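Input: a single structure, listed below in structure tokens.
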Amino acid sequence: MPPRFRIRPAFTRLRSGAVDAFAVWRRRLLFLLGGIGVGLAAVGMAKLADAAQEGFRAALSLSPWVALAVTPLGFGLCAHLARTVFPNSQGSGIPQVIAARHTANLSLRRALVSLRTAAGKIVVMALGLLFGASTGREGPTVQVGAAIMAAVGHLTPHRQPGLILAGGAAGVAAAFNTPIAGIVFGIEELGRAYEARTGGLIVAAIVAAGLTALAITGNYTYFGTSGTTLPFGPGWLAVPVLGALGGLTGGLFARIVILFARGLPGRAGAAIARRPVAFAVACGLGVALCGLASGGAVYGTGYEEARALLHGTGGGALDFAPLKYLATLFSAVSGIPGGLFAPSLSVGAGLGAAIQGLFPGVPVAALVLVGMVAYLTGALQAPITAFVIVTEMTQDHALMIPLMVAALISDAVSKSVCREGLYHALAEILLARAERAPAP
């Protein structure tokens, strides 16, 4: 073949390489832009959640008995909106993201992480806190982050799960200001397997979301720093005690939530299925009664109460942990949108403070942090995420080993009570119902 004809294959390869390079950089840019969007959403949701809780506290200032009317009716409204106006916005939002990653049904995936669903999640989550629900904003931020990233991407369906994973991980990072925990959560809970192809892009999305949040709110630690330590000695007995207690109570919590999600057997389950809004009203009444019994301490995310216990400025009432536990359980099974992270950390903080009398030589801050990790691990069965996120939220690296030990013990005890991880079990239930649903 004459030499002048050999330039065409080389030009074709050069053009193909340029197209591939453009596609790679386009994808990276999309992850960065999506991460910025997730960061903005996380900050907005945080401010909205705070404003909603302030509104409920203002109502309680008139009379604490207001909750007996406002909270049940508010739960009913939120359940109605989540079922009719914004379907797929119920609950935490993390099971929806897991289901969207694993389903091959493109229409279902889009419905689970659509911008409409994300908008509904934000609105109804805020309404729940406005009415006193014991829920958090971090789980909803994961679903909103996944929706934003999926909307920005416009990639082919077989690549979209990578975007969903990055958006969810960026949501955790921006919500807690914990970038490392965002990566760990993406691997341990959302992915359950590391994706080497998207690992760098996930980090880029997390960095973009984190920097955006920092630019608006400034650098901060979620619970503030404590500087506490737990020297090796008799005080370490508190670690297995809290690990077992957190695993037992957290595993029981997960088992009950999964049971209600699948449907109670017999007439009780049928009644709930027929009248889900009325059931949500009853759950709201349960939350209101817990609130009255606790003097209003168990409403909302529990962030302020956990922070006060950590820094020794809270009362540390013995009934705080069980009442917050019940209020969070009522909120979780009611079907209204809202997360579990912040309330679970609050319950764990209450458990740690409650056993202070058994270990008088141990700093209460150490007990609170170990309790947080133990209960969060027990409820979610994500031990690595639990101790990483608590360490990052407080910048207290001196307790890393005790937190790891508590997480391992709690995870083992929790799995003896509930064999399934909470979020993945709820995702499987969601997918099973979608498969049984008649085609539109």
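If you place +1 on the Cβ of every Lys and Arg, -1 on the Cβ of every Asp and Glu, and leave all else neutral, what size is the dipole of segment 234-432 about its Cα centre, to the nearest 20 Debye?
Dipole of segment 234-432, to the nearest 20 debye: 680 debye.
At 7 Å along the Cα-to-beta-carbon direction for both GLU54 and ASP319, put a label point, then send me their distance in nm to one decimal.
3.0
Restricting attention to segment 321-396, which chymotrypsin sites (Phe, Trp or Tyr not before Pro) occupy a DSSP loop and are surrounded by at most 13 other Cβ atoms within 10 Å?
none
Can you give the log10 of the normalised intensity I(q)/I(0) at q = 0.14, 0.15, 0.16 Å⁻¹, computed with Debye over equal Cα scatterers of segment 241-304?
Log10 I(q)/I(0), no solvent term: -0.62, -0.70, -0.78.
Which FRET efficiency value, to the nearest 0.05, do you get for ILE180 and ARG267 by plugging their Cβ-Cβ distance into 1/(1 + (r/R0)^6) with R0 = 56 Å?
0.70
For ASP411, ASP319, what ranking results if the residue with the fewest other Cβ atoms within 10 Å of its Cβ goes first?
Placing the least packed residue first, the sequence is ASP319, ASP411.
Work out the FRET efficiency for LEU292 and ASN105 from their Cβ-Cβ distance, taking R0 = 56 Å, and round it to the nearest 0.05.
Computed FRET efficiency for LEU292 and ASN105 comes out at 0.80.
If each of ALA278 and THR84 carries a label point 7 Å out from its Cα toward its Cβ, how far apart are those two points in nm?
Between ALA278 and THR84, the label points sit 1.6 nm apart.
Can you check what the net charge comes to around GLN96, using other residues whose Cβ is under 11 Å from the Cβ of GLN96 (Lys, Arg +1; Asp, Glu -1)?
+3
Taking just the alpha carbons, could you work out the radius of gyration and Dmax for segment 234-432, both in angstroms?
That works out to 16.7, 54 Å for Rg and Dmax.
Give me the number: length gained by fully extending ALA119 to LEU237, i.e. 0.36 nm times residue separation minus the C-alpha to C-alpha distance, one decimal in nm.
37.8 nm
Within 10 Å of each residue's Cβ, count the other Cβ atoms and sort LYS121, LYS415, LYS47 from fewest upward.
Result, fewest neighbours first: LYS47, LYS415, LYS121.
Please list, in chain and number order, the residues 5+ apart from GLY339 or on another chain whose amide H is under 5 Å from its amide H, with Hs placed from the backbone.
GLY136, ARG137, GLU138, GLY139
Please find the FRET efficiency linking ILE256 to GLU304, where r is the Cβ-Cβ separation and R0 is fixed at 30 Å, and quote it to the nearest 0.05.
0.70
Since every read-out is calculated from the coordinates, none of them should be taken as a lab result. It should be emphasised that the depicted structure is a prediction, and the values quoted were computed from it without experimental measurement. In this analysis, Cβ positions are derived from the backbone assuming ideal geometry, glycine residues included, and neighbour counts consider all displayed protein chains.
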